[in-house]
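Worksheet: the structure to be examined is printed underneath.
The values are calculated or read from the model by the stated rules, or taken from the named source; none is laboratory data. Computed from a predicted model, the values in this text were never measured in an experiment. Positions of Cβ are backbone-derived with ideal geometry, glycine not excepted, and every protein chain shown enters the neighbour counts. Only protein heavy atoms, including side chains, enter the accessible area calculation; ligands, DNA and RNA are left aside. Shrake-Rupley method; radii C 1.70, N 1.55, O 1.52, S 1.80 Å.
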Number of protein chains: 2
Amino acid sequence: MVLTLSVKKGRTAMSAAQETSGGEMQPWSEVTPDAARRLLVAAVEAFAERGYHATTTRDIAGRAGMSPAALYIHYKTKEELLHRISRIGHDKALDIVRSAAEGEGTAAERLSDAVRSFVRWHAGQHTTARVVQYELDALGPEARAEIIALRRQVDAEVRSIIQDGVEAGDFDVPDVPGTTLAVLSLCIDVARWFNVDGPRTPDEVGALYADLVRRMVGFKE
Amino acid sequence: MVLTLSVKKGRTAMSAAQETSGGEMQPWSEVTPDAARRLLVAAVEAFAERGYHATTTRDIAGRAGMSPAALYIHYKTKEELLHRISRIGHDKALDIVRSAAEGEGTAAERLSDAVRSFVRWHAGQHTTARVVQYELDALGPEARAEIIALRRQVDAEVRSIIQDGVEAGDFDVPDVPGTTLAVLSLCIDVARWFNVDGPRTPDEVGALYADLVRRMVGFKE
DNA sequence: GAAGGCGCTAAGCGCTCGCTCAGGTTCGGG
DNA sequence: CCCGAACCTGAGCGAGCGCTTAGCGCCTTC
């Protein structure tokens with residue numbers, strides 16, 4: 001049996017996203033109808049707190065103010081929820097890096113922009129990012145493969161900026177793939193340790209990390 | 001009811017560890033008797049592959065070649081298994097960092113040593129490290145608090161090396177706690193992405209990361 | 001070679017999980 | 001005013017979970 005899903009599959013990623021006064025995208029605005037979005041937001045919170053496997057469908061439905069059965073009107077399985085979250089989150093992450101990579105400016109400026117905004121997202125949306133970056137293994141093989149492909153695109157964008165800097169003679173990087181890996185690893189891990197009650201704002205972490213990465217690539221003033 | 005556990009609790013962490021010809025410690029040699037160790041090793045593998053919550057006690061026992069009930073002769077609960085793994089692993093990690101921190105040499109040399117050996121452990125023992133670093137949330141409050149205390153000691157060791165370098169005028173670090181956090185985050189995340197079939201050996205990753213961290217602290221030749 | 005107990009297994013208990021399904025409620029269109 | 005579709009709930013199914021218990025075989029001890 002095939003259920004009709006209310007979340008529109010063909011919708012281009014961020015086209016319907018609404019902007020707030022702060023300029024940030026209102027997250028999940030592309031998920032409709034309202035009940036499906038509430039369930040998804042509840043799932044993000046629950047997965048981030050307890051992890052995918054420790055979260056029950058009853059918990060998700062409860063947070064969304066619905067009965068356990070309501071979940072299965074909008075999503076085929078619990079795994080589909082994780083898949084949608086992961087897909088939308090990775091689309092957003094790739095979008096962020098790509099914007100910086102395709103921007104104007106020197107390699108150093110583009111790398112700083114990329115790291116700053118990537119880190120800001122991982123800190124500011126650390127609830128989402130934690131699910132997106134650390135619950136990948138809970139997906140089935142096809143879904144995981146799809147997400148891994150997106151990750152490789154993120155990696156390629158960052159590597160190409162660093163490569164540009166090396167070729168322009170601005171950076172000193174003996175091992176470009178290795179350094180790319182390290183830079184991304186550093187940024188992604190922000191989602192694991194970032195704490196809203198901690199001493200640093202997402203902006204401050206972004207600035208700190210942009211500086212650290214500038215040093216890692218041996219940028220010459 | 002209180003079961004008598006066969007794993008001796010009072011044993012000092014690494015005192016009974018046996019060295020192999022390679023100079024590496026034989027992991028888990030301090031866990032006795034043999035059946036308890038086999039169960040623990042099986043649990044490490046299973047937790048690393050699937051995560052704590054997705055691993056069943058039947059799976060652990062099966063990997064150790066025993067019936068599900070055998071697990072409860074040696075461990076009170078599944079969580080106690082994770083606790084022991086986490087405790088021993090963190091003891092080892094702290095030991096590694098502390099050895100480097102207390103060594104002779106300049107701050108730059110000690111920092112490089114610490115990062116190199118810390119990373120080498122996270123890569124070489126990435127199965128263990130993954131459990132130790134990423135399954136912390138599955139522990140109960142008291143056990144988690146104990147582990148977090150160990151982590152703070154690791155953080156303190158690294159911060160003190162960096163602080164030494166700053167005070168000696170060797171390093172240029174505007175934000176010592178932030179940089180310490182970033183360095184540790186970078187090293188720990190190795191456990192997440194390291195792949196035995198990948199292009200890099202643990203030694204190579206250690207060398208690469210020691211160099212990257214040297215740059216992050218602005219070491220002046 | 002009988003006694004005692006340690007380490008283990010077979011069987012299964014009580015529970016909660018992901019998920020299903022029949023039926024009730026709401027609401028726009030004819 | 002009624003129909004059909006969309007949405008949601010209450011009740012619960014089968015499965016698999018963590019963990020327990022009764023008892024068996026095999027070592028050690030005398």
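Below, the figures for the structure above:
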{"item": "Rounded to the nearest 10 Å², the accessible area of residue B:220 at probe 1.4 Å", "result": "110 Å²"}
{"item": "Gaussian network model of chain B, springs between alpha carbon atoms under 10 Å - residue of B:80, B:102, B:45 with greatest fluctuation", "result": "B:102"}
{"item": "Residue B:196 - accessible surface, heavy atoms, 1.4 Å probe, Å² rounded to 10", "result": "100 Å²"}
{"item": "Environment charge at residue B:55 (Cβ cut-off 11 Å; Lys +1, Arg +1, Asp -1, Glu -1)", "result": "0"}
{"item": "J(HN,Hα) series, the stretch B:197-204, from Karplus relation 6.51 cos²θ - 1.76 cosθ + 1.60, nearest Hz, glycine and proline x", "result": "7, x, x, 10, 7, x, 4, 5"}
{"item": "Cut-off 12 Å between beta-carbons: net charge of the residues surrounding residue B:162, Lys and Arg +1, Asp and Glu -1", "result": "-4"}
{"item": "Number of partner chain Cβ atoms within 10 Å, mean per residue of A:201-211", "result": "2"}
{"item": "Size of charge dipole - the stretch A:29-75 - debye, nearest 20, with Cβ of Lys, Arg +1 and Asp, Glu -1, no other charges", "result": "100 debye"}
{"item": "Length gained when the stretch residue A:77-residue A:32 is fully extended (0.36 nm per residue, less Cα-Cα span)", "result": "14.5 nm"}
{"item": "Neighbour net charge for residue A:200 - beta-carbon separation under 13 angstrom, K R +1, D E -1", "result": "-3"}
{"item": "Label-to-label distance, nm, for residues given as residue A:175 and residue A:163 (7 Å Cα→Cβ offset)", "result": "1.9 nm"}
{"item": "Global geometry of the stretch A:29-75, whether rounded, prolate or oblate, following the gyration tensor of its Cα atoms and the 1.5 cut on a/c", "result": "oblate"}
{"item": "Relative contact order (percent, whole number), the stretch A:29-75, Cα cutoff 8 Å, 6+ residue spacing", "result": "33 percent"}
{"item": "Number of Lys pairs (Cα under 30 Å; 8 or more positions apart or on different chains) in the protein assembly as shown", "result": "18"}
{"item": "Teacher prompt: residue A:174 distances to equivalent labels in other copies, 7 Å Cα→Cβ, nm", "result": "2.8"}
{"item": "Positive-end residue of B:103, B:160, B:184, charge dipole of chain B with Cβ unit charges", "result": "B:184"}
{"item": "Equivalent-ellipsoid semi-axes of the protein assembly as shown, from the Cα gyration tensor, Å, largest first", "result": "35, 33, 18"}
{"item": "B:128, A:32, ranked by accessible area, largest first (probe 1.4 Å)", "result": "A:32, B:128"}
{"item": "Per principal axis, descending, Cα span of the stretch A:78-216 in whole Å", "result": "49, 36, 25"}
{"item": "Using distinct alpha-carbon pairs, which all enter the 1/r mean, Kirkwood radius of the stretch B:145-221 in Å", "result": "13.7 Å"}
{"item": "Full-extension gain in nm, residue A:204 to residue A:67, via 0.36 nm per residue minus C-alpha separation", "result": "45.2 nm"}
{"item": "Equivalent ellipsoid dimensions for the stretch B:71-139 as semi-axes, Å, which come from the Cα gyration tensor, largest first", "result": "30, 11, 9"}
{"item": "Shielding by other protein chains, B:73-80, mean Cβ within 10 Å", "result": "0"}
{"item": "Per residue accessible area in Å² of chain A, where ligands, DNA and RNA are left out and the probe is 1.4 Å", "result": "46 Å²"}
